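Asker: After the structure tokens below, expect a handful of questions from me.
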Amino acid sequence: MPMSKEQILSEIHQLDPVDQEEIADSIMGRFDLMDPLTPEQLAIVRRRREDVEQGHVVGRPAEEVIERLRAKAMSRSKASA
């Protein structure tokens, strides 16, 4: 009998993070949602994730960032008018 989803996830969670990432990459690659990342792009993603995990940087909600960018764009358009 095949393993249940819960059993598979339990096994994956016991692996080291590198192995977990390889499994996730393999699964996501099957969906072909976007072009695969280059090794350089993956290195950037990993470095940024580590920065967040180590508390070197703090993430902001997307809504907050988008609102800030909109406000900046509006002020620039008013200044050039």
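Asker: What's the total number of residues in region 61-81 that are modelled with pLDDT under 90 and either closer than 28 Å to residue 18 by Cβ or of a type in the set (Gly, Ala, Ser) (or both)?
Answerer: 5
Asker: Between residues in region 11-23 that are under 20 Å from residue 47 (Cα atoms) and residues that are surrounded by 11 or more Cβ atoms within 10 Å (Cβ to Cβ), which pairs lie under 8 Å by C-beta distance while being six or more apart or on different chains?
Answerer: Listed pairs, sorted by first residue: 20/12; 23/12; 23/15.
Asker: Within region 34-53, identify whether any single residue is more than 22 Å from residue 18 (Cα to Cα), among the polar types (S, T, N, Q) and at pLDDT below 90, and answer yes or no.
Answerer: The first filter runs over region 34-53 and keeps only residues more than 22 Å from residue 18 (Cα to Cα), leaving none.
For region 34-53, residues more than 22 Å from residue 18 (Cα to Cα), among the polar types (S, T, N, Q) and at pLDDT below 90: absent.
Asker: Tell me whether region 61-81 contains one or more residues that are free of Cβ contacts under 8 Å to residues at least 40 places away in the same chain, under 15 Å from the mean Cα position of the chain (by Cα) and over 30 Å from residue 8 (Cα atoms). Talk me through it step by step, then tell me what you get.
Answerer: Looking only at region 61-81, we keep the residues that are free of Cβ contacts under 8 Å to residues at least 40 places away in the same chain, and these are 61-81.
Within this subset, residues satisfying the condition of being under 15 Å from the mean Cα position of the chain (by Cα) are 61-62.
Keeping just the survivors that are over 30 Å from residue 8 (Cα atoms) gives 61-62.
Yes, the conditions are met somewhere in region 61-81.
The values are calculated or read from the model by the stated rules, or taken from the named source; none is laboratory data. None of these values were measured; they are calculated from a predicted model. For neighbour counting, all protein chains shown are included, and Cβ atoms are generated from backbone atoms with ideal geometry for every residue, glycine included.
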